[in-house]
Amino acid sequence: MTAFVAEVFASVPRRDQRAKGDCYLRGLMLDGRRKSIQPMAERLPDGDMQALQQFVNQSPWDHAAVLRAVAVKTVPAVGPEVWVIDDVSFPKDGKMSVGVARQWCGALGKQSNRQVAVSLHAASDTASVPISRCRHAPSSTVRLCVAGRGRAGCSKPRII
């Protein structure tokens, strides 16, 4: 496990960030239904909820490089038979998050404000490995951002 973590988080610049990456990865692999920060921190002997929260939400590291390293290391072991493209929606109460729009949400069975992400996985009968993912930007959000209207949070040009 130590060698795997070292390879996967090799692109993360600071040693303390790599240590939190190790802790976070172990938390994801532990038994337990909920894989959010608080329950994972409670299950880990070295789980510091605030430090894990900061690692995931605020610490500057390239998630794409880590995901690429995971894919390079694990895809050969999975032996993918199919590529799976999947979408997941995140219901939102307000409209202040980037990419929120009123759309059909299958999980809720109605239209609601939500964000949408799309992911690509290499899969076999026994395993699945995430290869890539992106957040979907609804055309109404893109139009507001390009026109310079809408909320101040539309300053993220990467989603356009």
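The values are calculated or read from the model by the stated rules, or taken from the named source; none is laboratory data. Quick caveat: nothing in here was measured; it's all calculated off a predicted structure. Quick reminder, even Gly has a Cβ in these numbers, built from the backbone with ideal geometry, and neighbours come from all protein chains shown. Heads up: the accessible areas ignore ligands, DNA and RNA and are worked out on the full protein's heavy atoms, side chains in. Shrake-Rupley method; radii C 1.70, N 1.55, O 1.52, S 1.80 Å.
Of the residues making up the range 85-128, those that are open to solvent by 40 Å² or more (accessible area, probe 1.4 Å), under 30 Å from Thr2 (Cβ atoms) and out of contact with any helix residue (DSSP H, G or I) (no Cβ under 9 Å at 6 or more places or on another chain) number 3. Restricting attention to the range 23-40, which residues are under 22 Å from Ala65 (Cα atoms) and crowded, with 19+ Cβ neighbours inside 10 Å? Once the filter is applied, which keeps residues that are under 22 Å from Ala65 (Cα atoms) and crowded, with 19+ Cβ neighbours inside 10 Å, the range 23-40 yields Cys23, Tyr24, Gly27, Ile37. Is one or more of the residues making up the range 134-149 at pLDDT 80 or above and either in contact with a helix residue (DSSP H, G or I) (Cβ under 6 Å, 6 or more places away or on another chain) or not aromatic (Phe, Trp, Tyr) (or both)? Yes: the range 134-149 contains one or more residues that are at pLDDT 80 or above and either in contact with a helix residue (DSSP H, G or I) (Cβ under 6 Å, 6 or more places away or on another chain) or not aromatic (Phe, Trp, Tyr) (or both). Return a yes/no flag: does the range 63-82 have any residue that is surrounded by 13 or more Cβ atoms within 10 Å (Cβ to Cβ), free of Cβ contacts under 8 Å to residues at least 40 places away in the same chain, in contact with a helix residue (DSSP H, G or I) (Cβ under 8 Å, 6 or more places away or on another chain) and closer than 18 Å to Lys35 by Cβ. Within the range 63-82, none of the residues are surrounded by 13 or more Cβ atoms within 10 Å (Cβ to Cβ), free of Cβ contacts under 8 Å to residues at least 40 places away in the same chain, in contact with a helix residue (DSSP H, G or I) (Cβ under 8 Å, 6 or more places away or on another chain) and closer than 18 Å to Lys35 by Cβ.
Checked against (1) exposed (fewer than 13 other Cβ atoms within 10 Å of the Cβ); (2) small (Gly, Ala, Ser); (3) at pLDDT 90 or above, Ala51 passes all but a single condition, namely (1). Selection of first residues in the range 5-31 that are farther than 19 Å from Gln58 by Cβ and in contact (Cβ under 8 Å) with a residue 60 or more places away in the chain and of second residues that are part of a helix (DSSP H, G or I) and open to solvent by 60 Å² or more (accessible area, probe 1.4 Å), restricted to Cβ pairs under 9 Å at least 6 apart or on distinct chains, gives the following pairs, ordered by first then second residue: Glu7/Val72; Glu7/Lys73; Val8/Lys73. Restricting attention to the range 1-22, the residues that are of a type in the set (Asp, Glu), buried (at least 16 other Cβ atoms within 10 Å of the Cβ) and farther than 19 Å from Ala51 by Cα total 0.
Just to be sure I understand, how many residues within the range 38-53 are polar (S, T, N, Q) and free of Cβ contacts under 8 Å to residues at least 12 places away in the same chain? Quick ask: steps written out before the conclusion?
Pass one, the range 38-53, residues polar (S, T, N, Q): 38, 50, 53.
Those still in the list that are free of Cβ contacts under 8 Å to residues at least 12 places away in the same chain too: 38, 50.
Residues in the range 38-53 being polar (S, T, N, Q) and free of Cβ contacts under 8 Å to residues at least 12 places away in the same chain: 2 in total.
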